Amino acid sequence: MNDRRAQLLWFWLFAGPALAGFALFSLWPMLYSFWLSFCQYDVVAPPRFIGLRNYSYLLMDDPAFWPSIKVTLVFTAVQMPLAVAAALGVALLLNQPVQARGFWRAVYFLPSILPQAASVAVFVYIFQADGGLLNRLLALAGITGPAWTSSPVWALPVLIVISLWGFGYPMVIFLGGLQTVPRELHEAAHIDGAGAWARFRHITLPLISPVLFFNIVMGVIGALKVFDLAYAFGAAQGLIPGGPARATLFYGLNLYQQAFTYFHMGLASAMAWLLFAVIVVITWLNFRLSRRWVHYGD
């Protein structure tokens, strides 16, 4: 009995502060923001309950809501597969027995720890319409480059290219998964005449499928929550965030503007909970699909 009490005492001694911190700094703000999503609140006046009017306004009348969703979904549909494929491809290369493998792993991981604003500033200089590095190189070949960063057509593709620069974290996760694949299976398949693609498809891919779907889920969530990339992209050019012509108005950036530019805190809270619901549904679907994939691979 004394051992039981001692275990409970130690549990609450260590878990109590953590649970209190979670309740104070995470759970309470979440519940309060859920309440605010049903209120009209502009920081100056107290919150006023208005029911579902914030949600109905977003879905029916807000001129920026659906364009920001479109930009975010296009970005997610293009960027996530490219980022996962790039991370997996580089991980496969860095998993080979080459000289200075640790050095090259560090080199490919370094861009992921750079500040997002610094990376965006460098790429904005590269893609700048007048005097940018890329257009200079195109001019040497007799090609007139477009206004990459200030064109509504090219701004989002440029942001997708910039975002691919930081694939270091999924690459490291893929490396961890690849190192758990038994080398004996590859050697046996090679002896049986299986080529590199066949070994990757029938051995490597099924065995790293949990890691693959983890990176897919995290990639989708990260793409849906993009904010700093778009904000730094506009700030580096002196543009209004989301420009040009709302071509880079991501959902997270639209939410930020509603909350901290227009001080529509109730509307921003409703947007945050809509995003939360979408992420939960997409994550659930991904896990359902991942279980089927793993079962198929087995």
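The values are calculated or read from the model by the stated rules, or taken from the named source; none is laboratory data. Computed from a prediction, not measured in an experiment: that's the story for all the values here. Don't worry about glycine lacking a Cβ; one is built from the backbone with ideal geometry, like all the others, and counts go over all protein chains shown.
Scanning segment 101-118 for residues that are hydrophobic (A, V, I, L, M, F, W, C) and in a helix (DSSP H, G or I) turns up 103, 104, 106, 107, 109, 110, 113, 117, 118. The residue that is nearest to residue 217 (Cα to Cα), among those in segment 70-123 that are over 15 Å from the mean Cα position of the chain (by Cα) and of a type in the set (Phe, Trp, Tyr), is 109. Can we say residue 180 is more than 29 Å from residue 70 (Cα to Cα), at pLDDT 85 or above and surrounded by 15 or more Cβ atoms within 10 Å (Cβ to Cβ)? Judged against the criteria, residue 180 is not a match.
So in segment 247-298, with the set limited to residues that are modelled with pLDDT of 85 or more and polar (S, T, N, Q), which one is farthest from residue 55 (Cα to Cα)? The qualifying residue farthest from residue 55 (Cα to Cα) is 248.
Here residue 113 fulfils each of the conditions (1) surrounded by 15 or more Cβ atoms within 10 Å (Cβ to Cβ); (2) out of contact with any Ser or Thr (no Cβ under 7 Å at 6 or more places or on another chain); (3) under 25 Å from residue 230 (Cα atoms) apart from (1).
Restricted to segment 168-204, and to residues that are out of contact with any Lys or Arg (no Cβ under 9 Å at 6 or more places or on another chain) and of a type in the set (Val, Ile, Thr), which residue is farthest from residue 92 (Cα to Cα)? Checking each candidate, the answer is 191.
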